[in-house]
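Data block below; observations after.
The values are calculated or read from the model by the stated rules, or taken from the named source; none is laboratory data. Only a predicted model underlies this, so the values are computations on that prediction, with no experimental measurement involved. Note that we place each Cβ from the backbone using ideal geometry, even for glycine, and neighbour counts take in every protein chain shown. These accessible areas exclude ligands, DNA and RNA; they are computed on the full protein's heavy atoms, side chains included. Shrake-Rupley method; radii C 1.70, N 1.55, O 1.52, S 1.80 Å.
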Amino acid sequence: MLRALASSAAVVVAAVLARSLDANATTAALVLNLIVVIASVWGRFVVGAAAALAAGLTFNFFFLQPTGSFHIASPEDWLSFGLFLFASALTSRVVSLSLERAERANARQRDIETLYDLTFGILSREAHGEALEAALGRAIESLQPQRGGYVEFHDQSTHSVLWFGEPPTTQQDQRLRTVRIHQQVLSFANGKLNDHYAPVRVGATSRGVIVLIGTAATMAAVEAMGSLMSLALEREDLITTRMHVEALREGDALRTSFFRAVSHDLSTPLAAISIHAESLLRTLTAQHQSLPAVQEILQESARLRRRIQSLLSLARLDAGKIKLSPEPTPPADLFRAAREHLTFLTQSRSLKVEVSNDCRDAFVDPLIATEILVNLVENADRAAPAGGEIELIAMNHGATSVRLGVLDRGAGIGEQDPGEQSDRLADLPHKGLGLEIVRSFVTLSGGQFALEGREGGGTAAWLSLPSSRQVQA
């Protein structure tokens, strides 16, 4: 209002001076229009319009006949007055629009420069952690907010990573929570400036909000800052994940190499032991002599060789070198394959096989399932008394599983809670590498493994494996 009054007064003073200097109407019109332009630059359209109206009235009063009054006598003077008033108003409007467009252009240029610098700042190779926060801080400062910064979310609370000026008010905290829930840009008028809130997301999760209180920056620029920060955080997470994956891959490679080296170093002396023991056994047999210790050497050598092969298979599966190839397999075939792998054991111990008539096929990898059974039977052989029988049982288990059991009459598993039996293998009398291999293979096959004590003594090792009916369904 004061600027409008001041510009109108300036017009009147200029008209009085022009009149006192006997300036003609054309010169006076040019001077008054110049003042209208200056007023428009100074106070924009409202001030320029007030100056244009004052210029029209003073031009009529001082330079149109009859002078000294606001009366216009001739039609020509009416035309002059109308053209002058229209030219003054148009000049004011054109100047105001030009200045507004120039300011918007400057603001956009500033926003673009800020985003350009931010892009290189946060997407460079070195931009992570504190460097990333510093780049964002420089970008926020370049937009010249009265206060603001970057706020991160932690569970249900907020944490100001970067903040300039006074801390957020209660109303601004509420707006932060709104942005966190809806993940949308919010903008509020703040006098001639604006308050902007731009979410920073990683995937579908809100990580924080960029806040600019009292800024001339556009909402689009602040939203772009949020998007760039989101990309930078996603890139940082991907780099971290990639490093973790590479570390796991290197660990798997080292483990596989270790098992391969152990297999090579152990297989060679095992082969030599087996060859010499078999030669010794043939010699003693030809002499009609019996040496149980030699048979024990051969049996334990075969057992150790199978352990090494199982470890290598487990390492290859974990490393993704080989894939399971499940297929419908009758439990009787699995029991038969296990017996064929345990020739020495079956010569000294009876294996009783019992498969229910309605038992479904197991949907498993036959080689892996056979290794599981071989390890369980060997474990039962070590626990059972000499000459004791080992039972192999197969039956349906629910609508989608097949239950296989290896039962012995050994010392049992002692006093334990049933819920802990399958999780505390290391504390059991049946503990050992064989059970750990079994548990790993069963898990990879999509099944479950448990040990239970038997009434009357002994242990039952139960496998619950997917059935072929489950796959067909």
ask   = residue 362: at pLDDT 90 or above, out of contact with any Cys (no Cβ under 9 Å at 6 or more places or on another chain) and within 15 Å of residue 377 (Cα to Cα), yes or no?
value = no
key: Yes/no for residue 204 being of a type in the set (A, V, I, L, M), open to solvent by less than 10 Å² (accessible area, probe 1.4 Å) and either under 29 Å from residue 106 (Cα atoms) or under 20 Å from the mean Cα position of the chain (by Cα) (or both)   = no
query = In this structure, is residue 135 surrounded by 14 or more Cβ atoms within 10 Å (Cβ to Cβ), more than 21 Å from the chain's Cα centre (by Cα), touching a residue at least 60 places away in the same chain (Cβ under 8 Å) and in a helix (DSSP H, G or I)?
reply = no
query = Among 23, 29, 102, 9, which is surrounded by 14 or more Cβ atoms within 10 Å (Cβ to Cβ), at pLDDT 70 or above and part of a helix (DSSP H, G or I)?
reply = 29
remark   = Over the range 348-378, the set of residues open to solvent by 20 Å² or more (accessible area, probe 1.4 Å), in a helix (DSSP H, G or I) and farther than 20 Å from residue 467 by Cα is 348
Residue list for the range 435-451, filter: surrounded by 18 or more Cβ atoms within 10 Å (Cβ to Cβ) and in a strand (DSSP E or B) = 449, 451
ask   = Which ones in the range 153-176 are open to solvent by 70 Å² or more (accessible area, probe 1.4 Å) and free of Cβ contacts under 8 Å to residues at least 12 places away in the same chain?
value = 154, 155, 156, 159, 167, 170, 171, 174
request  = Consider residue 52 carefully, then state whether it is part of a helix (DSSP H, G or I) and more than 60 Å from the chain's Cα centre (by Cα).
outcome  = yes
inquiry  = I'm trying to understand the selection: among the residues of the range 32-61, which are open to solvent by 50 Å² or more (accessible area, probe 1.4 Å) and under 16 Å from residue 2 (Cα atoms)?
reply    = 38, 41, 42, 44, 45, 46, 53
inquiry  = For the range 190-215, give me the residue count where each residue is under 13 Å from residue 158 (Cβ atoms) and among the polar types (S, T, N, Q).
reply    = 1
query = What pairs can you find where one residue is in the range 362-389 and under 15 Å from residue 443 (Cβ atoms), the other is modelled with pLDDT under 85, and their Cβ atoms are less than 7 Å apart, with a gap of 6+ or different chains?
reply = 365/324; 368/324; 371/310; 371/313; 375/310; 375/434; 375/437
query = Is it fair to say residue 187 is open to solvent by 30 Å² or more (accessible area, probe 1.4 Å), modelled with pLDDT of 80 or more and not basic (Lys, Arg)?
reply = yes
